[in-house]
1. Confirm whether T140 is out of contact with any helix residue (DSSP H, G or I) (no Cβ under 6 Å at 6 or more places or on another chain), more than 16 Å from ligand 1 (Cβ to nearest atom), of a type in the set (S, T, N, Q) and open to solvent by less than 30 Å² (accessible area, probe 1.4 Å).
2. Of H272, H283, H301, which residue is within 16 Å of ligand 2 (Cβ to nearest atom), modelled with pLDDT of 95 or more and in contact with a strand residue (DSSP E or B) (Cβ under 7 Å, 6 or more places away or on another chain)?
3. Of the conditions (1) farther than 26 Å from A103 by Cα; (2) open to solvent by less than 60 Å² (accessible area, probe 1.4 Å), D335 fails just one. Which one is it?
4. Could we say that G324 is among the small types (G, A, S), more than 16 Å from ligand 2 (Cβ to nearest atom) and either over 26 Å from the mean Cα position of the chain (by Cα) or open to solvent by less than 30 Å² (accessible area, probe 1.4 Å) (or both) here?
5. Here are the criteria: (1) acidic (D, E); (2) closer than 14 Å to L219 by Cα; (3) within 16 Å of ligand 1 (Cβ to nearest atom). Tell me which single one D178 does not satisfy.
6. Of the residues R299, R317, R312, R273, which is under 21 Å from the mean Cα position of the chain (by Cα) and either of a type outside the set (V, I, T) or open to solvent by less than 40 Å² (accessible area, probe 1.4 Å) (or both)?
7. Testing Q33 on (1) more than 30 Å from Y358 (Cβ to Cβ); (2) modelled with pLDDT under 85; (3) in contact with a strand residue (DSSP E or B) (Cβ under 8 Å, 6 or more places away or on another chain); (4) of a type outside the set (A, V, I, L, M, F, W, C), one condition comes back false. Which one is that?
Amino acid sequence: MSQAFSEGDASATPSRKVFVKTYGCQMNVYDSQRMTDALAADGYVATEAMEEADLVLLNTCHIREKAAEKVYSELGRIREIKRERERTGAEMLIGVTGCVAQAEGREIIRRAPVVDLVIGPQTYHRLPDALRKARVGEKTVDTDYAVEDKFEHLPQPKSAEIARRGVTAFLSVQEGCDKFCTFCVVPYTRGAEVSRPVSQILAEAERLVAAGMREITLLGQNVNAWRAEGPDGKDWGLGRLLFRLADIPGLARLRYTTSHPRDMDDELIAAHRDLCSLMPYLHLPVQAGSDRILKAMNRRHKAADYLALIERIRTARPDIAMSGDFIVGFPGETDEDFEATLNIVREVGYAQAFSFKYSPRPGTPGAEMKDHVPETLKDERLQRLQALLAEQQHAFTQSRVGMRFDVLIDKPGRRAGQKAGRSPWLQPVIIDERAGEIGDIIPVRITRTEASTLFAETL
Ligand code: SAM
Ligand code: SF4
């Protein structure tokens, strides 16, 4: 996914323009917004046209195969645009941020000398400093795991800027990961698990709601591993935090992602039972269904543990929709192991899921393992898994037809006369544009579906 941001204040006279291209997960989308905020304090406004940007930032993701190569080829394209701009006497600084920046570091400047700054995910607050240096020709490579808290140093956006972003917001509460699944680069690129303090999270949530946000999604690489001391001096987990956030007047909907099965504790499950503002949707990756493969992946749970957990969650919140991530073709995966993955999918029944072919990441234990599965077999397994998951997603979407529930209207529809919103289970819902205003939560009845989109009439 890539996205350009446009949070500039149209009324101010812009001195400089920044184009941010975001790759990867919601955490990167959130980080891009916070970087844009940091730059706004430095006089930058966002643009969606790279050609007119004085600063181009690639906020990169390292999770997919050949991620770094894709960044280098994008930098080649940007170099041409920079040359064009320089012909007209205009400047263009170029920065690489995010997980590829963390993983590649100085190598980026060696391979792409056009780059002025390389900044890892923990040091975005030092971006304005790096820019000052870049303007006098000094390149920066800053991939420390900073001792200071970047969130303390990042400026907050103004209310009007938050409001321009819509009615749903992301809020990072946790970063990094200590789990070390053997296939994954995250513990190396994002560092150890760090939880933001309660006071910081509450202040940010209150600011978002005061600016008109109706829904907040708490983010973390391992969001349910979040832990911090509460104002009562007790140790709070994510469940307790959700109970507290649910008390904020005007905050209608809460979500969180991504969770690890090992960190789903009783209080978090109780939050699903007791909080009507906590949406009945849970992304809880299991990755594989075979205990042998789960062990090799260092997932620290067995298939039966996962199934028992889902049962407890469904007992607490019967209408919860499950989502997950799956990897096929992990080293040593036999036909029998793969069948176990299909079986766990059949047992759980997913409303939505993401599935990937295993691809080795240099520096992770998985890459060193024997018995890599041939690509053709991975392709075949992925196709079979995706066919099953698509069938389940279709069944879930179909089962909404005739149902009545509340929809949060969050944007104009793509076609004239329409507005779009989200169901409690995250499907897009299309309604008549006169049904309500953006930010309203209205009762609807689903009349039909098109792929995973629901169409509704108002009640
Ligand atoms: N922390 C989350 C978790 O534990 O599920 C998500 C981590 S990662 C950003 C998102 C997904 O990418 C993983 O759940 C996994 O399915 C997939 N993934 C990560 N590394 C991979 C690799 N080397 N090959 C294929 N898929 C991978
Ligand atoms: Fe990666 Fe595993 Fe951590 Fe998720 S829990 S970020 S898959 S190491």
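1. Judged against the criteria, T140 is not a match.
2. H283
3. (2)
4. no
5. Among (1) acidic (D, E); (2) closer than 14 Å to L219 by Cα; (3) within 16 Å of ligand 1 (Cβ to nearest atom), D178 violates only (2).
6. R299
7. Every listed condition holds for Q33 apart from (2).
The rows are residues; the columns are (1) more than 16 Å from ligand 1 (Cβ to nearest atom); (2) touching a Cys at 6+ places or on another chain (Cβ under 8 Å); (3) more than 28 Å from V185 (Cα to Cα); (4) not in a loop (DSSP other than H, G, I, E, B).
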position	(1), (2), (3), (4)
N224	no, no, no, yes
A228	yes, no, no, yes
G233	yes, no, yes, no
G239	yes, no, no, yes
L242	yes, no, yes, yes
I248	yes, no, yes, no
L251	yes, no, yes, no
R255	no, no, no, yes
R262	no, no, no, yes
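The values are calculated or read from the model by the stated rules, or taken from the named source; none is laboratory data. Remember, it's a predicted structure, so these values are computed and weren't measured experimentally. With ideal geometry, Cβ positions are generated from the backbone for all residues, glycine too; neighbour counts draw on all protein chains shown. When the accessible area is computed, the model is the full protein with side chains, heavy atoms only, and any ligands, DNA or RNA have been set aside. Shrake-Rupley method; radii C 1.70, N 1.55, O 1.52, S 1.80 Å.
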